[in-house]
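The values are calculated or read from the model by the stated rules, or taken from the named source; none is laboratory data. Everything numeric in this text was worked out from a predicted model, so none of it was measured. FYI the Cβ positions are ideal-geometry reconstructions off the backbone, even for glycines, and counts take in every protein chain you see.
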Amino acid sequence: MLPALQAADLLEALAAVEHDRWSHWQRFMHSQCIAGEDGSLVIPPKLAEKWSRQMATPYSELSDEEKQSDRDQVMRYLPLVAEAIRRG
């Protein structure tokens, strides 16, 4: 692996992007669920079916829209990696 990709500052920057990505997904997921009186969240059956299908599907077999969603997420990370490589 290139030394630039092993830098602690790059790891921290990527971890921050990952946290933002995860937080965004959790906010979205929570907004789609039905809140129980006890604070639990229930995923509607249609979404549970969709997300279960997506989890079980290799990337190469996803729809173009689903692939684009994954590409959009990678674009959050890629500039940081590219900059680290450029700095060498």
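Details
- Residue count for the stretch 20-46, restricted to those that are closer than 19 Å to Lys67 by Cβ and surrounded by 11 or more Cβ atoms within 10 Å (Cβ to Cβ): 3
- Elements of type helices (runs of 4 or more DSSP H) in the stretch 7-88, at least 2 residues being of a type in the set (Val, Ile, Thr): 64-87
- Restricting the stretch 57-88 to residues that are modelled with pLDDT of 95 or more and of a type in the set (Ser, Thr, Tyr), the residue that is farthest from Ala15 (Cα to Cα): Ser63
- Neighbours by Cβ (under 9 Å, 6+ apart or cross-chain): first from the stretch 67-88, at negative phi; second modelled with pLDDT of 95 or more and hydroxyl-bearing (Ser, Thr, Tyr): Lys67/Tyr59; Lys67/Ser60; Asp70/Tyr59
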